[in-house]
Amino acid sequence: MLEKYKTVRQAGEKEIVIKKSRFIGYVKPVENEADAILFIEEIKKKHWNATHNCSAYMIGERDEIQKQSDDGEPSGTAGKPILEVIKNQGLKNVAIVVTRYFGGIMLGAGGLIRAYTDGAVAAIEAGEAVTKVLHQEVYVELDYTWLGKVENELRSRSIRTGETMFTEKVTLCCLPFHQETKAFIDWMTDLTGGQAVMTEGDKVYFIEGE
């Protein structure tokens, strides 16, 4: 798994008008190709009467899945520009559809490329580009006497935490950066004099800075 990657926060849409043609850009974060295809089909169904529903998506840690569709526009004037926007902005696991309602004025190849580029950029602005950073769940089981000290130390180091579970002992769900997992475990061992019992859980992405 990547230590960090850039994607969009949420699904978004934004409309622009170019020489009377309406271009509606849609974006959505997707985890796999099936999600991307489903999203594109949903937009096509929503805009079944549009002149074109052009699309592109890029998925995978190494951008191994890249697809594009001109949906009837001249070859290379729609799907490719949308895909290039995804690449140029360094996004991963993103699908974009730019819907066009023809306004009666021909744009030419260059005009179409610019229009679909602008439509994709508008969609990404609506979805909000963010960076996701990989964290590691570490469950720390302690006697209650340690709780106050450990919580204070976690806060002072700005270490993300999840739910705290209270049973015979207290278990803190700590979420250090994945690449700092060993250092965190070593630090917690020293802090508690070896009295903490630690178990690694899932790897989880969180938005950087939040």
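Quick one: among E128, E137, E163, which has the greatest mean-square fluctuation in a GNM of the chain with alpha-carbon springs under 10 angstrom? In the Gaussian network model the winner is E163. Largest GNM mean-square fluctuation across G127, G193, G90, computed for the chain with C-alpha springs under 10 Å, falls on G193. Neighbours of W146 by Cβ distance under 15 Å: Lys/Arg scored +1, Asp/Glu scored -1, total -3.
Each residue of segment 69-74 was assigned a 3J(HN,Hα) from its phi angle through the Karplus curve 6.51 cos²θ - 1.76 cosθ + 1.60 (θ = phi - 60°); the sequence is 9, 7, 6, x, 6, x Hz, with glycine and proline shown as x. Amide H to amide H, with H built 1.01 Å from N, H135 comes under 5 Å of H178, V204, Y205, F206, counting only residues 5 or more places away or on other chains. Ordered by 1.4 Å accessible area with all protein chains kept, T145, T131 run largest first as T145, T131. Close amide H contacts of M58 (hydrogens built in the peptide plane, cut-off under 5 Å, sequence separation of 5 or more or a different chain): N93, V94. Treating r as the C-beta distance of E125 and Q179 and R0 as 35 Å, the FRET efficiency rounds to 0.70. In order along segment 58-66, the phi-based Karplus estimate (6.51 cos²θ - 1.76 cosθ + 1.60, θ = phi - 60°) of 3J(HN,Hα) comes to 9, 9, x, 4, 10, 6, 6, 10, 9 Hz; Gly and Pro are listed as x. Among the listed values (i) 13.8; (ii) 11.9; (iii) 12.5, the one computed from these coordinates for mean projected area of the Cα convex hull in nm² is (i). Close amide H partners of R160, meaning residues 5 or more places away or on another chain with modelled amide H under 5 Å apart, are L175. Computing FRET efficiency as 1/(1 + (r/R0)^6) for L38 and M106, where r is the C-beta to C-beta distance and R0 is 30 Å, gives about 0.35. Applying the Karplus relation 6.51 cos²θ - 1.76 cosθ + 1.60 with θ = phi - 60° to segment 75-90 yields 3J(HN,Hα) values of 3, x, 9, 9, x, 5, x, 5, 4, 5, 5, 4, 5, 5, 8, x Hz, where x marks Gly and Pro.
The values are calculated or read from the model by the stated rules, or taken from the named source; none is laboratory data. Because the structure is a prediction, the values reported are computed rather than measured. Reconstructed Cβ throughout: ideal geometry from the backbone, glycine too, with neighbour counts over all protein chains shown. Side chains are part of the model used for accessible areas, which takes the heavy atoms of the whole protein and leaves out ligands, DNA and RNA. Shrake-Rupley method; radii C 1.70, N 1.55, O 1.52, S 1.80 Å.
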